[in-house]
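Reading through the structure tokens given below for one structure.
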Amino acid sequence: MEEQKIKEIIEEMPQYKVNKIANEIAIRITNVFTELKDQYDELLKKLVQCQIKIARFEDENMSHYYSNGVIYFSNKIHTNSINEVLVIEYLHFLQDGREQTCFQESLNNFAAKLLTQELKERMNVFGIFLTSLIEGDYALLVNLIMQIDFLVGRKEFVETVINNKDEYYVLINKISNGNINRLTGDFRKLYYLVLDYKTTDDLYKIEQEIREMYFSIQNYIMKFYFYYMTIHITDEEEVQEIKQKLEALKNYRGVIEEDKFYEEGCQKIVESLNKKEKQLKKKNSKNALAIIYKNRLIAFIKKLLSFNS
């Protein structure tokens, strides 16, 4: 994301106000992301170091941005209470040095919504009916992040968004068989298609391209996740857990009228899971027989030894 030039610094927020905001954000982070419940002191120590300055921007349409340890707000942004904009800029501070790509900003918008007001809403975005936590330019992207979050869990997500580590990218790259660049690249394409819609003369064409890109990403997420999981299943209990997750995923997916890819893909995945389950049962049965044979052999040897003695 491009840095926005500052026309004039109006005032710097007093440290006691910064401390108050930092404390509230640290509390929310540790309450919402329970993985970090023991990191409150460490988080607060970081957050109070962030400066906040009220400024006038060269571009009058801009109202906030972060750069080099300083959050700049225009008078349009309220700082008396915690809001999504405030949280996102503090996330930028915690992620200092990380490139704020469209994918990363989608993670940040999702996190900010969780930290302020988690509301799953059904909405119609470019003719796509879906559940998202946010409206506007990132509605589709946040929905896609919600799908990934539901599938892979939140541990690595928190480490990346809050602690500025690469765990989430490493995890997604592993599950997608080394194709994370395809995923993040498609997020970027979708984001800029949404922006193009605001200025294009051919709304129908751009809307069709938005739909195609969204469904391409959505189907890719489902495909790479369940392919990876089916290969790496280690026990029968996991098979049932993955089947349940497959069934529940449809509550997160966007649709227009029907979801043919999901229905057809679901059938193929279930077939693969059933095949894997049979293999595991066969393997477990062989292992059980081997253990019985081994135990009987040991008992027989012990009996022989006692007889000889």
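Being buried (at least 19 other Cβ atoms within 10 Å of the Cβ), free of Cβ contacts under 8 Å to residues at least 60 places away in the same chain and not assigned by TED's automatic domain parsing to the domain that holds I27 is a description that applies to I145. The number of residues in segment 50-65 being without any contact (Cβ under 8 Å) to a residue 40 or more places away in the chain and surrounded by 11 or more Cβ atoms within 10 Å (Cβ to Cβ) comes to 3. When segment 219-276 is filtered for residues that are more than 30 Å from N124 (Cβ to Cβ) and of a type in the set (S, T, N, Q), the ones remaining, listed by number, are T230, T234, Q240, S272, N274. Could you say whether any residue in segment 66-76 is of a type outside the set (K, R), in a strand (DSSP E or B) and either at positive phi or exposed (fewer than 15 other Cβ atoms within 10 Å of the Cβ) (or both)? Among the residues of segment 66-76, at least one is of a type outside the set (K, R), in a strand (DSSP E or B) and either at positive phi or exposed (fewer than 15 other Cβ atoms within 10 Å of the Cβ) (or both), which makes the answer yes.
Surrounded by 22 or more Cβ atoms within 10 Å (Cβ to Cβ) and either free of Cβ contacts under 8 Å to residues at least 12 places away in the same chain or in a helix (DSSP H, G or I) (or both): which single residue out of L130, L171, L140 fits that description?
After ruling out the rest, the residue left standing is L140.
Every condition in (1) in contact (Cβ under 8 Å) with a residue 40 or more places away in the chain; (2) among the small types (G, A, S); (3) under 20 Å from K5 (Cα atoms) is met by S74 except one, and the failing one is (1). Scanning segment 102-127 for residues that are in a strand (DSSP E or B) and within 22 Å of F33 (Cα to Cα) yields a total of 1.
I'm trying to understand the selection: among the residues of segment 39-65, which are touching a helix residue (DSSP H, G or I) at 6+ places or on another chain (Cβ under 9 Å) and modelled with pLDDT under 95? Result: S63, H64, Y65. Within segment 184-200, the presence of at least one residue that is assigned by TED's automatic domain parsing to the domain that holds E263, over 21 Å from the mean Cα position of the chain (by Cα), part of a helix (DSSP H, G or I) and surrounded by fewer than 17 Cβ atoms within 10 Å (Cβ to Cβ) is confirmed. Determine whether K294 is over 28 Å from the mean Cα position of the chain (by Cα), at pLDDT 90 or above, more than 24 Å from F103 (Cβ to Cβ) and part of a helix (DSSP H, G or I). Against the criterion (over 28 Å from the mean Cα position of the chain (by Cα), at pLDDT 90 or above, more than 24 Å from F103 (Cβ to Cβ) and part of a helix (DSSP H, G or I)), K294 does not qualify. Within segment 96-123, the residues that satisfy the criterion of being among the polar types (S, T, N, Q) and modelled with pLDDT under 95 are T116, Q117. Residue-level check: of (1) surrounded by 16 or more Cβ atoms within 10 Å (Cβ to Cβ); (2) of a type in the set (A, V, I, L, M); (3) more than 20 Å from H64 (Cβ to Cβ), L119 misses just (1). Residues of segment 143-168 that are aliphatic (A, V, I, L, M) and assigned to a helix (DSSP H, G or I): L144, I145, M146, I148, L151, V152, V158, V161. A search for C-beta distances below 7 Å between a residue of segment 5-34 that is within 15 Å of Q117 (Cα to Cα) and any residue that is in a strand (DSSP E or B) and aliphatic (A, V, I, L, M), counting only pairs 6+ apart in sequence or on different chains, returns nothing. How about segment 83-95: which of its residues are part of a loop (DSSP other than H, G, I, E, B) and either surrounded by 17 or more Cβ atoms within 10 Å (Cβ to Cβ) or modelled with pLDDT of 95 or more (or both)? Listed by number, the list holds a single entry, Q95.
Applying the criterion of being among the basic types (K, R) and free of Cβ contacts under 8 Å to residues at least 40 places away in the same chain to the residues of segment 211-250, the residue that is nearest to R188 (Cα to Cα) is K250.
The values are calculated or read from the model by the stated rules, or taken from the named source; none is laboratory data. Just so it is clear, the model here is predicted, and its values are computed rather than measured. A quick note on method: Cβ atoms are made from the backbone with ideal geometry, for glycine too, and the neighbour counts reach across all protein chains shown.
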